[in-house]
Amino acid sequence: MRRNFWLTAAALALLAPGLADAQMQDKMARPGQGGGQVRPPRPGGPGNGGPSIQPPRPGPVTPVRPTHPRPQHPRPPHNGGGFHRPPHYRPPIYRYPHGYHYRRWHVGAVLPAVLFGSAYYFNDYHLFGLYAPPHLYRWVRYGPDLVLVNTRTGHIRDVRYGVFR
């Protein structure tokens, strides 16, 4: 007898969840009867680990500005890199040769011979804290810049930007 009792109890325990689901589906099929409409819980809703409010309705999209700063690109130093302009120094007016205008020269480029003639040599480099040019080299003024040029080949060895600004 005891054995039958435990077998019946186990069978009822296994069938009870299935019967509850069947009753719930029956109530949903007949919404006006059975004490009100019962809806299954929404996935992600309150009590299921989701948000307790509904997401906003779609509307006009406003652009979102990035919160991270823009990358800063390194700028060349204003005075060409560590030298100091003497106080009260007024450089002479620079006149480009006919047909030339400002161009930013770089190390390794070849300066045209007309641009490093003796009229453009700059011999007061010590006023700006620059080093003396090596043998066969000269500091040449090109607009606001000073360029160290090989006087035989025209190759640029060093450039100091914005010395005469």
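The values are calculated or read from the model by the stated rules, or taken from the named source; none is laboratory data. Since this is a predicted model, take the numbers as computed values, not measurements. Don't worry about glycine lacking a Cβ; one is built from the backbone with ideal geometry, like all the others, and counts go over all protein chains shown. Ligands, DNA and RNA are excluded from the accessible area calculation, which covers all protein heavy atoms including side chains. Shrake-Rupley method; radii C 1.70, N 1.55, O 1.52, S 1.80 Å.
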So how many residues does segment 88-108 have that are within 14 Å of residue 153 (Cα to Cα) and open to solvent by 60 Å² or more (accessible area, probe 1.4 Å)? 1
Quick check on segment 109-128: of everything there that is open to solvent by less than 50 Å² (accessible area, probe 1.4 Å) and part of a loop (DSSP other than H, G, I, E, B), which residue is nearest to residue 154 (Cα to Cα)? 111
Restricting segment 139-160 to residues that are within 22 Å of residue 90 (Cβ to Cβ) and either out of contact with any helix residue (DSSP H, G or I) (no Cβ under 6 Å at 6 or more places or on another chain) or among the aromatic types (Phe, Trp, Tyr) (or both), the one surrounded by the most Cβ atoms within 10 Å (Cβ to Cβ) turns out to be 147
